[in-house]
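K.L.:
Next up is a structure, given as structure tokens.
The values are calculated or read from the model by the stated rules, or taken from the named source; none is laboratory data. Note that the structure is predicted; figures quoted are calculated from it, not measured. So basically every Cβ, Gly included, is an ideal-geometry build from the backbone, and we count neighbours across all protein chains shown. Just so you know, the surface numbers come from the protein's heavy atoms only, side chains and all, with ligands and any DNA or RNA stripped out. Shrake-Rupley method; radii C 1.70, N 1.55, O 1.52, S 1.80 Å.
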Amino acid sequence: MDKENKYHMLLDHAVYAFFQGDRNGNIITANEMAAELTGYSNSALLSMNFSAVFTPESLANNPLRYDLLGSGQALITERDIKRKDGKVLLVEMHSKVMPDGTYQSIVI
């Protein structure tokens with residue numbers, strides 16, 4: 001198995017939801033657990049911004065902190081995710097900037 005296939009296998013079968021976003025918060029990678037958690041298909045997630053996944057109240061009370069992530073800090077936050085079916089889930093999100101300037105988030 002080559003490195004890229006191994007990477008995709010590990011990511012797709014991870015036990016937690018994984019998101020990668022660009023500098024503007026657009027989702028550029030999401031694994032199978034991210035789709036399961038949110039109720040959106042993977043292709044739908046890849047057309048969304050992170051802000052669309054969270055409830056407006058969650059964002060108002062705890063804004064996305066790209067400024068802190070950009071400074072190299074790793075963040076752990078609790079947020080309410082609004083699933084496609086309207087159900088709201090409280091999750092813990094671990095986020096960090098990647099060497100290429102994108103952001104990764106593991107969601108539990």
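K.L.:
About the Cα centre of the chain, how large is the charge dipole given +1 on each Lys and Arg Cβ and -1 on each Asp and Glu Cβ? Please answer in debye to the nearest 20.
P.N.:
Taking the Cα centre of the chain as origin, the dipole is about 120 debye.
K.L.:
Going by a ≥ b ≥ c, the root eigenvalues of the Cα gyration tensor, does the range 1-62 fall in the rounded group (a/c under 1.5), the prolate group (a/b larger than b/c) or the oblate group?
P.N.:
In terms of gyration-tensor shape, prolate.
K.L.:
Something else about it: For the chain, with every protein chain kept in place, what is the accessible area per residue (1.4 Å probe, Å²)?
P.N.:
59 Å²
K.L.:
With springs connecting C-alpha atoms under 10 Å apart, model the chain as a Gaussian network and identify which of 36, 57, 78 has the largest mean-square fluctuation.
P.N.:
57
K.L.:
Once phi is turned into ³J(HN,Hα) by the Karplus curve 6.51 cos²θ - 1.76 cosθ + 1.60 with θ = phi - 60°, what whole-Hz value does each residue of the range 16-24 show in order, with x for glycine and proline?
P.N.:
These are the phi-based 3J(HN,Hα) values: 10, 6, 10, 10, 10, x, 7, 5, 9 Hz.
K.L.:
Turning to a different aspect of this structure: Report, to the nearest whole %, how much of the accessible area of the range 30-79 belongs to carbon and sulfur atoms, 1.4 Å probe, protein only.
P.N.:
Of the solvent-accessible surface of the range 30-79, carbon and sulfur hold 54 percent.
K.L.:
Can I ask one more? Could you give the semi-axes, largest first, of the ellipsoid that matches the chain, computed as the square roots of 5 times the alpha carbon gyration tensor eigenvalues and rounded to whole Å?
P.N.:
Working: eigenvalues 89, 65, 27 Å².
Semi-axes, largest first: 21, 18, 12 Å.
K.L.:
Okay, moving on. For the chain, calculate the relative contact order in percent as a whole number, restricting contacts to Cα pairs under 8 Å that are 6 or more residues apart.
P.N.:
Taking the mean separation of contacting Cα pairs over the length of the chain, I get 26 percent.
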